[in-house]
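Read-outs throughout are calculated quantities, based only on the coordinates presented, and are distinct from any laboratory measurement. Quick caveat: nothing in here was measured; it's all calculated off a predicted structure. Please note: Cβ atoms are built from the backbone with ideal geometry, for glycine as well, and neighbour counts cover all protein chains shown.
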Amino acid sequence: MDKIRGLFVTLAQVIKFATKTGQILAPIDQIEKRMTLCRQCEFLTGSKCLHCGCNMPIKVGLYVANCPLSKWVND
C-alpha cells in the first residue's frame, strides 16, 4: 500500500510543479546522474526499484521526483 501511496504522491508533485512552471522533465544530465546512482543501488532489479516500486527510467526523468532513500534528490 505504501508503494501505491508513493506513486500518487509523486504524481501529485509532478502535476503541481508542471502547473506552476510548465516543466515536467529533468535535464538530461540530471537524468543520467540519477540513473547512474540507481544502477549502483541494491534495490534496483532490471528497471524497477524494489524499495519504492517505481519504474526508474521513467521516475528519474521527472523533474520533481526524488529517491525515498535520499540517494538522489531533485536539484
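Placing unit charges on each Cβ (+1 for Lys and Arg, -1 for Asp and Glu) gives region 2-59 a dipole about its Cα centre, and among 53, 31, 9 the Cα reaching farthest toward its positive end belongs to 9. For residue 51 and residue 28, what does the FRET efficiency come to when R0 = 35 Å and r is the distance between their Cβ atoms, rounded to the nearest 0.05? The value I calculate is 0.90. The distance between label points at residue 73 and residue 36 comes to 2.0 nm (points 7 Å beyond Cα on the Cα→Cβ vector).
Can you compute the charge dipole magnitude of the chain about its Cα centre, using +1 on each Lys and Arg Cβ and -1 on each Asp and Glu Cβ, nothing else charged? Give it in debye, rounded to the nearest 20. If you can, show how the numbers build up before the last one.
Values: 10 positive and 5 negative charges, 34 e Å.
Value, rounded to 20: 160 debye.
Lysine pair count for the chain (Cα-Cα distance under 13 Å; residues 8 or more apart in sequence or on different chains): 4.
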